[in-house]
Amino acid sequence: MQRNLFASTSSIEFNNLMMAASVIGCAYGYDKTVGYPAPIANLSIIGENADRLAAASEILRDWGCDEDGDAVGLEIVLRRDGTYLLGMGPDQRRLVNRMSKDQDLFDLLFMGTTWIKKMDTTNPLLLEWKELFANKLMPVQISFATANTLHGIPQRHTLRDVPGALRFIKFETKITTEEEAPDHMFIEVVDRRKGRSTGPKDAKGSDIAVRRQRVINSAFPISRERIRRHRLYEKIVDLLGDEEISIGQVTQAAINLELSREWSGQDHYPNAEDVGDKWWERVSQRVELTSLPNAFEEMEIPAIARQLELDVEAVIRRHGATLFPKFKLNQRQFIRLGYGGK
């Protein structure tokens, strides 16, 4: 079979223009759009050079985005440290369809460039969109804008659409996480630029969640059953109003609260030495007996809830990810990092 090579030189030009546009961030929201009965997701790419953004949007028009927004591939990778990577380039399948109608007669190879930009902070709306895009036919409108910056941060009240720049609708937008795709091409490219090692990855959050449950089962079997019998999980979910909390999280929080009281006489490990290696040393020497007092029978639900919040914050802080003032947003990030468990 004859082998044909398709080279997208316009993707190289698009990449160069987006780099020259000095993209500094994105704006997120829901906007009313002609032809749609309800507001749809809107992602506005913000740069400092309006002319370069307008020129880049003309290349998207050449790719056919004014009629078929999915002619451009757009993907977002949410990283463990709270940043994310945004990538754009021609959709290979659609590009090849436009260039060759007799694909069964050829072995097709594609060569092109994807523009990849690191964004410093993951807006909580992206976590919401990840679920929507995966489970529903959810369109997103892509637009281009400029904004003034303060200490490098775009100021929303100065946001202005780029005159004449293309606005288009996409139905196929993928948002994935570093945990789901640790070897994603975007990650490899960006880490290589910064000289980071692309060697073995740290343990996944999901693996640590499994390990957490094993520790509970082996070291705290009596505590686990007492926590279950007193329905502490159900009480915590009712208090915090978040059904995404796992039983393992509540069990760990209640056990942590009890251990803190055992070791220091106070809640939430006030002494740093009680956390880390010393915690494991003490746990390994601790024996659970049914004859010991049941500390969970009258344990205060708000105190357990606060310990759970601190547990979640500690994990997010260890990843260098963004901490939010609201627990539900931190819990969502905790789950995204893979630590939710069962």
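Computed values, structure above
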read-out	value
Whole-angstrom Cα spans of the stretch 205-336 along principal axes, big to small	42, 32, 28
Links that overshoot a 19 Å alpha carbon limit, given the list LYS117/LYS326; LYS174/LYS328; LYS136/LYS174; LYS130/LYS174	LYS117/LYS326; LYS174/LYS328
Cα-Cα P(r), the chain, percent of pairs per 20 Å interval	25, 45, 24, 5
Kirkwood Rh and Cα Rg combined as Rg/Rh, the stretch 53-98	1.09
Charge dipole magnitude, Cβ of K and R +1, D and E -1 - the stretch 205-336, Cα centre, debye nearest 20	380
Cβ-based charge dipole, the chain, positive-most Cα from HIS268, LEU159, ALA219	ALA219
Inter-site label distance for ALA314 and ILE208 at 7 Å from Cα along Cβ, in nm	1.1
Exposure proxy order (Cβ contacts within 10 Å, fewest to most) of TRP279, TRP115	TRP279, TRP115
Cβ-based exposure ranking for GLU75, GLU58, in which fewest neighbours within 10 Å come first	GLU58, GLU75
All-pairs alpha carbon distance profile, the stretch 2-193, 5 Å steps from 0, percent	1, 7, 15, 19, 21, 18, 11, 5, 2, 1, 0, 0
Partner aspartates and glutamates for LYS235 [C-alpha distance under 14 Å; skip if fewer than 8 residues away on the same chain]	GLU243, GLU244, GLU297, GLU298, GLU300
Rounded to whole Å, sorted largest first: equivalent-ellipsoid semi-axes of the stretch 129-177, Cα gyration tensor	27, 16, 7
Partner aspartates and glutamates for LYS170 [C-alpha distance under 13 Å; skip if fewer than 8 residues away on the same chain]	ASP66, GLU67, ASP68, ASP70, GLU75, ASP91
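Here, each number is a calculation from the coordinates, and none is a lab measurement. As the structure is a computational prediction, the values presented were derived from the model and not from experiment. So basically every Cβ, Gly included, is an ideal-geometry build from the backbone, and we count neighbours across all protein chains shown.
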